[in-house]
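Please treat every number below as a calculation from the coordinates, not as lab data. Just so it is clear, the structure is predicted and the values come from calculations on it, not from any experiment. Heads up, the Cβs are rebuilt from the backbone with ideal geometry, glycines too, and the neighbour counts pull from every protein chain shown.
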Amino acid sequence: MKREIVKRKFLHKLVRAEYKKFKDHKKIKLGKIFRLGYLDDTGCNWSIPIHRDSGWELAADFIRPYIIELRARYSLSD
């Protein structure tokens with residue numbers, strides 16, 4: 001499956017909309033989507049960090065499957 005090339009703003013919108021469904025989304029912050037300088041093992045060129053405050057593991061468990069799905073469908077434009 002070929003990835004669609006999109007802008008960072010588009011990805012942020014998708015991730016934020018899903019993350020707002022997490023009950024503690026205001027307590028645990030996501031970082032900004034950043035472009036990798038290479039393609040990772042999955043062929044993706046972007047990632048997004050989760051700030052490792054108290055409870056970050058629950059937030060990661062909530063949002064990670066969605067981010068994995070997005071990373072399989074979209075590449076970040078230059």
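What the table below lists for this structure:
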{"item": "Spatially proximal aspartates and glutamates relative to K27 (Cα-Cα < 18 Å; intrachain offsets below 8 disregarded)", "result": "E18, D53, E57, D61"}
{"item": "Per-residue Cβ neighbour rank within 10 angstrom, fewest leading, L30, L36", "result": "L36, L30"}
{"item": "Order of R71, R16 - criterion: other Cβ atoms within 10 Å of each residue's Cβ, fewest first", "result": "R16, R71"}
{"item": "Fraction of the pair-distance distribution of the stretch 4-76 above 18 Å, Cα-Cα pairs, percent", "result": "35 percent"}
{"item": "Cβ-based exposure ranking for Y19, Y66, in which fewest neighbours within 10 Å come first", "result": "Y66, Y19"}
{"item": "H51-K23 FRET efficiency (beta carbon distance; Förster radius 25 Å; 0.05 resolution)", "result": "0.90"}
